[in-house]
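The values are calculated or read from the model by the stated rules, or taken from the named source; none is laboratory data. The structure displayed is predicted, hence computed values, not measured ones. Here the Cβ positions follow ideal geometry from the backbone for every residue, glycine too, while neighbour counts run over all protein chains shown.
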Amino acid sequence: MSMMNHTSFRIFFLEGSEEAYHFVSDLSKSDNTRPFEWNYFSNVSTALNEITPQNCDLILFNISHQGQAALEKFRVLHQALPEVSIVLFSEIRNDSMIPLILKEGADDAIYQDEISRPLVKKSLYYAIDSKRRKGQLGRFLYTLEQLPVAIIISDEMGDIEYVNAVFTEMTGYTKIEVIGESLDALVGANMGSPYFKRIQDMIQTKRYEKEEIRYTHRNGCELWIELTVSPILNVEGVLTHFVAILEDISPIKIEEEELKKSEDTYRTLVHNINEYIYSVTYDKGVAMATYHSPKCRDITGYHQEEFETDPNLWFSMIHNKDKKRVNSFIEKIIFHKSSDTIEHRIIHKDGTVKWVSNTCAVQINEAGDICKLHGFILDISERRQSEEELRKLSRAVEQSPASVVITDCSGRIEYVNPKFTHLTGYTLAEVLNQNTRILNSGYHSKDFYADLWNTITKGHEWKGELRNRKKNGDYYWEQASISPLKNKKGIITHYIAVKEDITEKKLAEEALRKRNEIMEKDLKLAQLIQKTLLSRKIPEMDFLNVDYRFHPLDKIGGDYYSLLPLDERTLSVFIGDVSGHGVSAALFLSLVKSATDRICRIYGYNPDEYITHLNKLLVEEMPSYFVTAIYGLFQVNGDKDQVVYSFSNGGHPYPILYRANEDSFSLLKNNGTIIGMFDDQRYQTSKIKLTKGDRVFLMTDGIPEVENEEKEIIGFDDGLIALFRRSHREGLKETLDAVIDEVKHFGQVPKIDDDIILMGFEVKTV
């Protein structure tokens, strides 16, 4: 594990095959905003010796083919690392162990046959984020201890799980005495059966309850308390906890003057607290009034009066790039009647940009409606700036093309970057605390090293060439720069060496030239193979208009299609995308062509059998390559008033259906596993009846996976439907051209940078 890689999420893949590990880890590599650092362990026992909460953000646990043993292993993992989020992974569709392990505390689960790049990223990010939320619990409880009111938190059955310090002062009971006791019993003992009944009713109906009660302190003194009990629901609306707030209102009942003193005390607290506190009062869902504490001026530059005068001021100062995200955040809190924290930017009154941490929570009235929105804001600009600088430094060192070595004053190694390990063959663990003499080749004289150390110990930079030795004994030359690192007092504490391998510089240039020549020849060969395999002639069918667009990538991919009339009333259509690029992809494409030709002669009229036997053939003959494909038939019905499209899908993007009489677009969903991945897979045939003017569109994944500058993709669902709706034209040819133009526009490029096949079929008069 690299000691300076703070820019990645660290994920450990446990159990299962290395093929499964590489399959999942490769899907996560497209997220350039926050990369994942993957690690693999073949068994749990070994992993537990290496994994700690400090070096791990997430465990991806492969439970495939393990049965009950998977549950026992998960329990060991969860007990040893309760702070770490665990996501389950299974190569088996509908693995029966997943629901059982999720009940034991797993954070999420994904199936290999349903997996996609967006799903992997979403699941991993969600699970890692849950770990953060666990860490936020401590900060939440600390906040509760600082509140001036008594707080009780109970489970869904009313059993007390937490009370704060104010509660012990108010009631005379210690925390140990009340933890585990019943909330309604504790309160009902002071109130009699009528209120006890109302508490019971609220537990059943999950509604908000508020009451003023006369409470007897443990020492016998009586006091008035305002008791508020609120249910806490999870995102699925299930009751999980109750929160009871006990506020001593005896002064209100006794003397008006005491109320004034209490208000003055609260006002002083608000004025002196570091957080910027705000609240919004709602009446029947409409914001009626707002409050902003004096701290608002320090963070925003605006006075309290300015916020009161302009109700829209708070939202207007949110940075334009964060407005949509903040609005969604507030809507979510209000919808779920919950609390949460978001970090976003604001525009200070002086025009500067600040980062803030914004925590919001809703208050529910007796009717169960939101009556207030409370929140507090912290200025985190300095923290964000420090984090960004640290990320930049870490990325610069970890991704540096030069090897970096950091030692103490005696030359013992404390850190090396990945380039060093790649160059020398030594891992960080192997060289940690070792003297740099481990690299000494014996080529340089003692005087040479004496001059080097004399230079850097005096606080100067040394530059020169070093002949060192790798772990395997090979010699290599480096252009090195070695500099001292000093603390604030100017004392040398470490040395840093930045070194560039110059051994094979010239040889590499020559090798590169020759490799480019070979690659150019391979490219021409691949292009020739692909052109040979793809039919350019569009078949003419009396009942069907057919057109297509083919945009091959310069480096040659594996997109393939076939349009073959089986008879006058039947057109077979195959469209697929093989894995890989270059000559290997082209050769595999030729195998697919041969396989489809053979299978079509036997199973051409049965799409499910066609795909099933193609899968079996590829698993047997080319187990390392995969294909996503759709095979289907356009056939005239027996009564000649309809055309039926029947198809089977092997992990390929869904076809798009356009209904002319409804002017609507929809996805023709048919789920099937990627072809060539698993043996003994069965596939299903879907059928759809088409009438005059209806259109069916088939495509390879180059269309839904095209990226814009923000690394966003069109997508395989709503985004794809929206694309075809915008591109719809009267003519089939014009529609296909419009789709291609929309793809180029979305990707903000004049040329599409992936293989694309787009086919359109329009029913004529039958």
- Note on the structure: Selection from the range 283-311 of residues in a strand (DSSP E or B) and at pLDDT below 80 yields 283, 286, 287, 288, 289, 290
- From 521, 505, 488, grab the single residue that is modelled with pLDDT of 80 or more and among the basic types (Lys, Arg). 488
- Query: Considering only residues of the range 403-422 that are in contact with a helix residue (DSSP H, G or I) (Cβ under 8 Å, 6 or more places away or on another chain) and small (Gly, Ala, Ser), which is nearest to residue 440 (Cα to Cα)?
  - Reply: 411
- Does residue 93 satisfy the condition of being exposed (fewer than 14 other Cβ atoms within 10 Å of the Cβ), among the charged types (D, E, K, R), more than 20 Å from the chain's Cα centre (by Cα) and within 30 Å of residue 650 (Cα to Cα)? yes
- Item | Residues of the range 427-449 satisfying the condition of being touching a Gly at 6+ places or on another chain (Cβ under 7 Å) and among the β-branched types (Val, Ile, Thr) | 436
- Task: Quickly run through the range 747-766 and pick out the residues that are among the acidic types (Asp, Glu) and either modelled with pLDDT of 80 or more or not assigned by TED's automatic domain parsing to the domain that holds residue 654 (or both).
- Result: 762
- Message: So, in the range 333-373, how many residues would count as being free of Cβ contacts under 8 Å to residues at least 24 places away in the same chain and either within 20 Å of residue 307 (Cβ to Cβ) or not aromatic (Phe, Trp, Tyr) (or both)?
- Response: 8
- Query: Looking at 723, 732, 657, which one is closer than 16 Å to residue 758 by Cα, under 27 Å from the mean Cα position of the chain (by Cα) and either at pLDDT 95 or above or of a type outside the set (Lys, Arg) (or both)?
  - Reply: 723
- Query: Out of the range 344-364, which residues are surrounded by 15 or more Cβ atoms within 10 Å (Cβ to Cβ) and not β-branched (Val, Ile, Thr)?
  - Reply: 344, 345, 348, 354, 355, 357, 358, 360, 361, 363
- Message: Return the residues of the range 291-310 that are farther than 19 Å from residue 352 by Cα and either of a type in the set (A, V, I, L, M) or surrounded by 14 or more Cβ atoms within 10 Å (Cβ to Cβ) (or both); say none if nothing qualifies.
- Response: 291, 292, 293, 294, 304
- Message: Contact list please: Cβ distance under 8 Å, first residue in the range 404-423 and assigned by TED's automatic domain parsing to the domain that holds residue 457 and more than 20 Å from residue 450 (Cβ to Cβ), second residue among the aromatic types (Phe, Trp, Tyr) and modelled with pLDDT under 90, pairs at least six apart or on different chains.
- Response: 423/476
- Item | Filter result for residue 643 (closer than 25 Å to residue 763 by Cβ, buried (at least 17 other Cβ atoms within 10 Å of the Cβ) and over 36 Å from the mean Cα position of the chain (by Cα)) | yes
- Item | Residue count, the range 605-627 (criterion: of a type in the set (S, T, N, Q) and either under 29 Å from the mean Cα position of the chain (by Cα) or surrounded by fewer than 19 Cβ atoms within 10 Å (Cβ to Cβ) (or both)) | 2
- Sole exception among (1) of a type in the set (A, V, I, L, M, F, W, C); (2) over 37 Å from the mean Cα position of the chain (by Cα); (3) closer than 20 Å to residue 559 by Cβ for residue 630, by number: (2)
- Query: How many residues are free of Cβ contacts under 8 Å to residues at least 40 places away in the same chain and under 36 Å from the mean Cα position of the chain (by Cα) if we restrict to the range 424-456?
  - Reply: 4
- Of the residues in the range 26-74, those that are farther than 17 Å from residue 108 by Cβ, in a helix (DSSP H, G or I) and small (Gly, Ala, Ser) come to 45, 47, 69
- Note on the structure: Those residues of the range 87-114 which are assigned to a loop (DSSP other than H, G, I, E, B) and of a type in the set (D, E, K, R) amount to 91, 93, 95, 104, 107
